[in-house]
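The values are calculated or read from the model by the stated rules, or taken from the named source; none is laboratory data. Fair warning: this is a prediction, and the values are worked out from it, not measured in the lab. Positions of Cβ are backbone-derived with ideal geometry, glycine not excepted, and every protein chain shown enters the neighbour counts.
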Amino acid sequence: MQDNNKVKEYDALVIGAGIAGGEAALNLANVGNRVLLIDKDLTVGGKMIMLSKVFPTLDCSACITTPKVSEIARHSLITTLTSTEASDIVQKDNGTFEALITTQPRYVHIEDCTGCQLCEEACPVNVEDEYQYGLVGRKAAFIPFSIASPRAAAIDIENCTLCGACERACPTNCIDFTQTVEKFMIECKTVIVATGFQLFDPTLIPRYGYGRFKNVITSMQMERQLAPTRPFNTVLRPSDGKIPDNIAYVLCTGSRDKTVGTPICSQVCCMYSTKQAQLLMGALPMADITLYFLHIRAFGKGFNEFYAQAQSMGVEYVKGKVAKITEKEDGNLILRYEDISTGKVTETEHDMVVLSVGILPNQGITGLFKNRKLELDQFNYISQSNPLESPATTSIKGVFVAGVASAPMDIPDSILSAGAASSEAANYIRQLSVKQVEV
Amino acid sequence: MKSKIGVYICHCGGNISDYVDVNKVRESVKEIQGVEISIDTMFACADSSQKQIAEDIANKKLDALVVASCSPKLHYPTFSAVAERGGLNKYNYVHANIREQVSWAHSDNKEGATEKAIKVVKSAIARVKESVPLEPIEVKAQKSIAVLGAGVAGMRAAKELADLGIQVYLIEREHFVGGRISQLDFLCGADITGKELVTQLYEKIHKHPNVTLFTGAEVIEKGGSIGNFKVKVKITPRYIKDECNPEQLQKAIDVCPVEVEDDFNFNITKRKAIYRNYDSEYPHFPTIDSKNCTRCGECEKVCSSIDFTQKEEIIDLTVGSILAATGFDPYQPKENEFGWGIENVVTLPQFRRIINMCDNKLIYKGKEIKDIAYIYCVGSRQVEGDNKYCSRYCCTATLYTSILTHKKYKGIHSFHFNRGIRTYGKQEVIYDEASRLGDIFLQSYEYDPPVVTKVNGKTNVKIEDLLTGGKEIEVNADLVVLVTGMEPRNDCSIGDVLKIPKGRDRFYNEIHMKLRPVETVIDGVTIAGACQGPKNIMESMNSALSAAAKSYSIVNKGELALEPIIAKVDKDTCVWCGKCAEACPFDAITKVNANGKEIAEINASVCKGCGMCLPVCESDSIDMDGFTNTEIESMINVLAEN
């Protein structure tokens, strides 16, 4: 719940309200700490709440994320602020922190919004829906998605024409164009950085044709097509709305690829592609699914069994790096690759191609800290100063890292990492209260 | 009997409504007597829907609630909490599962699915009508935690909990701490050795006022329940006095005439019956291996610290939570498996010990080693055999070992017979480095593993190589290293004592693989490190700290509210036949004397509400709060209706 009665003192500031930040906030609050949880997005839940199902359990992602989100929203010791960022974080001599918190205007009073969506109906502006990864449109007055938390409207002021239609339509008068940026200072004892990741932009590999060939989509776009809150209620290829029957996955798009500056493996793409392949087999029983891969990294608990299950369901795995994709007149795509198992350069036609995009660290985190330096590693993830003994510690005493902010990882590893961060943060808070900490 | 019932039917965003006609379900229950409102909703679990349900309860003065949605395993706690927030007693909430048990199970038959969903919802309504409010059982929670296993995960968790002010009993089965990591002399991507890591952690716990370390100790019995576990710990004697003389002890080791295979070095060396595994090992004095000691008395003659009068001890502890970090065993190859049994075929753990013992030249059994063949996935991803899982750490560990051999010795050639290298995440750089050093990678087809044979004194590895389009390639190796994976502990008796369930891979199972990876179905028992599944050190540390966080949250308040779903005895009709006590798996039932009559009594804080006592009761004197016979019969009546 958004809390306007802003308490200025907290035990912990958690930056990022995805699954890692959320878990860390809950762990801390459950043992009596007051937490300020902030996210720059309009909703909490991060990337996970947008997913279809999760590997290898095939649980519906929304269904297992919403209880956490709901628990966070209701927790009496957690204050959640969306559209909010922290900056100018200063560590004081006694080991505690000060931070400037900035909330961007939503132009809607969240506590009064009932989520009735009448403003959406009234708004005449259509723009691409970023929450559906551009698959469909949305209005300039909109609710991010049906299970967003808070489930309240927001005005996209950059695209808004200020026509006033939404204000007139709103039955509770919660739309308020006079809202401005809010800034205030907080004091806290510890900071957890759970700023997550961004997806690789496949236009950086022009030979795959993303952005030029309509039927080349990203794995996140496929994820949305398969999610319970999916836009089309089935899987469609963008060029003509045909239901595809021969889908290719290009793995390691933007991972393990020095030419785009990412030499490392993204750790999740093999498994999410395998999962999507299984879901597609269910959604489109007649479709052929082929995964073009370098190595299948099915390393976690239950993963290798899940990979074997996909193979036995008939998902085809072809070892070979796709060199180039070309488009035919009918919108079908030709993949050119070296089929390693035969040693031959081969071309194969598919009617839809999914690029399994990798993950990249979010930028700009180091700039949040003023008098201390938050070190990054050679891959621009937050550097873990003592990975073997205290994986959540960073170069700043009292600042801990959770989830993908420190390295690519899947959901369970993010949960474990958040557990470690919260455990160490709780201890840091305790140390501050019993003795002076050297910083 | 409840008469203002709210019924909510969830679409689950298509998971249910794609196969079940949710509108029809709603319509067919709305006229049932006692149903005040019936509403369908896209996601009942979404925060906005939860708010709506809670408001409806308050505004419409509902006296009971049914939500038809997914498995109660997922959302029973969610909606019972909603009921409470709306002002209901949470036991006046009944959960109907129309996803796992209906829409997903009958996706081929929409009509049938809808019909079944209607029955399931009707039976939930029938049950909720008969539901009675219950109050949680409040118990005190001990602010102490037993950590089982003093490997790096266990020690790390112990340190964290002790710093948080919790009394920690750290219980290690061996006579030394450090577990598997103390056997490692180099760690991938770290500038310290495994032994140094163990030392660092030991120094943080051994003088910590909140940590009590027991070595040679094992939990042999567990009673009680969350907040108040009673554990019995068996401590085997070390036969060395606490005040000991190091010089004399070294003499004692020297004079011991018994030599046995040293399992710390994976049987590639021998040790005495009085021994320590390595010089800087902790606790810092040796032990006597009572299985192999002949009691010849030679050691006693030179050392006053030896004490054969020490006896086995049993101690009782009461703890609020138990954190199990009992680790793994390396896979032990079977006879002839990839040439196991040939003299220059070793396992990866053995090879790492060999590297540690050879300074300038890599020598094994008197021969210098230059050409090394690594065979991956031994005991993991088995085509034949039960271990279908990937052991996660071994690709990186092997490549790092190979890199190290290049740095330490001259003229090494490494051949990696792999099944697809899995250096996930940042570990990719290790693969890259090994490739740049000139290591050769050969990959076998899934069902066609490499073959190891001994030909003319050379050990030959033959493979049909996928990377060269199926060419047959042979390597004559000086040494073949079998990259053995992780297995659950061969002796998993502690899991049986704690009753932690195991998965198909035989590792201990968490409650939920994705979101609750360190909690178990046994309330108050958490799991950490490789006993839950293969992990590297950093991953084990994350899991140890997470388990510490969860165990801490159980005990930190000093009190707990337990579920009141327990069995109750009707004092008037019970005639004590003892069958219920026999059936009870938790020893919650005892015979008592009530007004001159022998009857059964149930200990509320021990009873788990499993229901085993109910069907064996001949006089039908036991009933279960929350699942009363009246409730269950009302459900059966509805389900049996035509």
Filter the stretch A:44-96 down to residues that are touching a Lys or Arg at 6+ places or on another chain (Cβ under 7 Å), within 28 Å of A:Tyr10 (Cα to Cα) and either of a type in the set (D, E, K, R) or assigned to a strand (DSSP E or B) (or both), then give me how many there are.
6
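Mind listing whichever residues of the stretch A:222-236 are surrounded by 22 or more Cβ atoms within 10 Å (Cβ to Cβ) and over 30 Å from B:Arg422 (Cβ atoms)? Before the answer, list the steps.
Restricting attention to the stretch A:222-236, the residues satisfying the condition of being surrounded by 22 or more Cβ atoms within 10 Å (Cβ to Cβ) are A:222-225, A:227-228.
Hit for the stretch A:222-236 is A:Pro228, nothing else.
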A:Gly398 - would you say it is in contact with a helix residue (DSSP H, G or I) (Cβ under 8 Å, 6 or more places away or on another chain), modelled with pLDDT of 95 or more and more than 16 Å from A:Gly18 (Cα to Cα)?
yes
Under the condition of being hydroxyl-bearing (Ser, Thr, Tyr) and part of a loop (DSSP other than H, G, I, E, B), which residue from the stretch B:419-440 is nearest to the other protein chains (Cβ to nearest Cβ)?
B:Tyr424
Pull out all pairs, ordered by first then second residue, where Cβ-Cβ is under 8 Å, the residues are six or more apart or on different chains, the first lies in the stretch A:56-82 and is facing chain B (nearest Cβ under 8 Å), and the second is in a strand (DSSP E or B) and among the basic types (Lys, Arg).
A:Asp59/A:Lys53; A:Cys60/A:Lys53
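Assess whether B:Ile412 counts as being touching a strand residue (DSSP E or B) at 6+ places or on another chain (Cβ under 7 Å) and either in contact (Cβ under 8 Å) with a residue 40 or more places away in the chain or closer than 24 Å to B:Arg506 by Cα (or both).
In short, yes.
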For the stretch B:526-554, give me each residue that is over 14 Å from the mean Cα position of the chain (by Cα), more than 8 Å from chain A (Cβ to nearest Cβ) and under 19 Å from B:Gly189 (Cα atoms).
B:Asn536
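Pull up the stretch B:191-204, narrow it to residues that are of a type outside the set (Phe, Trp, Tyr) and either in contact (Cβ under 8 Å) with a residue 12 or more places away in the chain or not assigned by TED's automatic domain parsing to the domain that holds B:Leu148 (or both), then point me to the one that is farthest from B:Asn536 (Cα to Cα).
From the stretch B:191-204, those of a type outside the set (Phe, Trp, Tyr) are B:191-201, B:203-204; that's our starting set.
Applying the additional criterion that residues be either in contact (Cβ under 8 Å) with a residue 12 or more places away in the chain or not assigned by TED's automatic domain parsing to the domain that holds B:Leu148 (or both) yields B:194-195, B:197-199, B:201, B:204.
Values: B:Gly194: 12, B:Lys195: 16, B:Leu197: 14, B:Val198: 15, B:Thr199: 18, B:Leu201: 17, B:Lys204: 22 Å.
Here the residue is B:Lys204.
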Could you say whether any residue in the stretch B:192-204 is at pLDDT 95 or above, among the basic types (Lys, Arg), assigned to a strand (DSSP E or B) and over 18 Å from B:Tyr278 (Cα atoms)?
no
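For (1) buried (at least 17 other Cβ atoms within 10 Å of the Cβ); (2) in contact (Cβ under 8 Å) with a residue 60 or more places away in the chain; (3) in contact with a helix residue (DSSP H, G or I) (Cβ under 6 Å, 6 or more places away or on another chain), each residue gets a yes or a no:
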position	(1), (2), (3)
B:Met1	no, yes, yes
B:Val7	yes, yes, yes
B:Val20	yes, yes, yes
B:Val25	yes, yes, yes
B:Val29	yes, yes, yes
B:Ala58	no, no, yes
B:Cys70	yes, yes, yes
B:Phe79	yes, no, no
Only listed residue being under 18 Å from B:Ala373 (Cα atoms), away from chain A (no Cβ under 11 Å) and surrounded by fewer than 20 Cβ atoms within 10 Å (Cβ to Cβ), chosen from B:Thr401, B:Thr459, B:Thr484, B:Thr453
B:Thr453
With the structure loaded, tell me whether A:Phe299 is within 14 Å of another protein chain (Cβ to nearest Cβ), free of Cβ contacts under 8 Å to residues at least 60 places away in the same chain, aromatic (Phe, Trp, Tyr) and in contact with a strand residue (DSSP E or B) (Cβ under 6 Å, 6 or more places away or on another chain) or whether it fails that test.
no
Considering residues of the stretch A:355-403 that are among the hydroxyl-bearing types (Ser, Thr, Tyr) and closer than 29 Å to A:Thr274 by Cα only, the residue surrounded by the fewest Cβ atoms within 10 Å (Cβ to Cβ):
A:Tyr381
Of the residues in the stretch B:4-54, those that are closer than 19 Å to B:Val120 by Cα and of a type in the set (S, T, N, Q) come to B:Asn15, B:Ser17, B:Asn23, B:Ser28, B:Gln33, B:Ser38, B:Thr41
So for the stretch B:592-600 (the condition being farther than 25 Å from B:Gly320 by Cβ, modelled with pLDDT under 95 and not in a strand (DSSP E or B)), does at least one residue qualify?
yes
Check A:Ser414, A:Ser406 and return the single one that is buried (at least 16 other Cβ atoms within 10 Å of the Cβ), in contact with a Phe, Trp or Tyr (Cβ under 9 Å, 6 or more places away or on another chain) and within 14 Å of chain B (Cβ to nearest Cβ).
A:Ser406
